[in-house]
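Worksheet: one structure, shown below.
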Amino acid sequence: MNSTFSRVMLVLAIMSVFVLQTYAHHGAQFLSQAREMNTAEVQLGEMAAGKAHDSRVKDFAQMIVKDHKQTLDKIQELWDARSRKAGNKTNQNVQVNAEHKRVSDRLSKLSGEQFDREFMGVMVREHQAAIKAFQLHSHAHGYGTTNKSSSKVDYMKDTDTAQFATETLPTLREHLQKAQDIVKGMRGTTTTQ
């Protein structure tokens, strides 16, 4: 009996090491995804700030660049804190994924009202996707609105990244609402400002 108990405890100990590593990896995966998404948003926003025909689109693009750069700064802070804790070096290179590259290439070939419509459509879709990803992670490992006041960071439960996701959601929702309003306004008029 003692031998069986020892074997079971050994198996559970080994499994717990793998499970804990998997949980800790979720926050890093989320940060990587969020960094890539925000980098793509900044790049598209910078393009639109220069190419947009409609002043509403130009203003929106400038807001996107400003807000998403601030979000990238916060992501870098979280990366740095996690890297210090783990004793790792922070990777500064961020490459946008193939889909974001394809969208950027397609938009770069457009101009005028066609660019404005396409850019705003992309902004609606991208912000809807970002909201889903951030909502999902905001509840990671039991973190949610009831734990917000906890100041202790638990990297195994990703409380740092879950709190970041929760705090970022209002800005993403505001961006989505503004993008949808601009799209509706563009449908209602045949000329742009």
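The values are calculated or read from the model by the stated rules, or taken from the named source; none is laboratory data. As the structure is a computational prediction, the values presented were derived from the model and not from experiment. We place every Cβ from the backbone using ideal geometry, glycine too, and count neighbours over all the protein chains shown.
Some observations on this one:
- Residues being in a helix (DSSP H, G or I), buried (at least 16 other Cβ atoms within 10 Å of the Cβ), touching a residue at least 24 places away in the same chain (Cβ under 8 Å) and of a type in the set (Gly, Ala, Ser) - total across the stretch 33-86: 4
- The residues of the stretch 41-91 that are of a type in the set (Gly, Ala, Ser) and at pLDDT 95 or above, listed by number, are GLY45, ALA48, ALA49, GLY50, ALA52, SER55, ALA61.
- For VAL94: the one exception among (1) part of a helix (DSSP H, G or I); (2) at pLDDT below 90: (1)
- The set of residues in the stretch 98-121 being over 23 Å from LYS184 (Cα atoms) and not in a helix (DSSP H, G or I) consists of LYS109 alone.
- Screening the candidates GLN128, GLN163 for the property of being in a helix (DSSP H, G or I) and at pLDDT 95 or above yields one hit, GLN128.
- Condition broken by VAL122, with the remaining ones in (1) modelled with pLDDT of 95 or more; (2) surrounded by fewer than 20 Cβ atoms within 10 Å (Cβ to Cβ) satisfied: (2)
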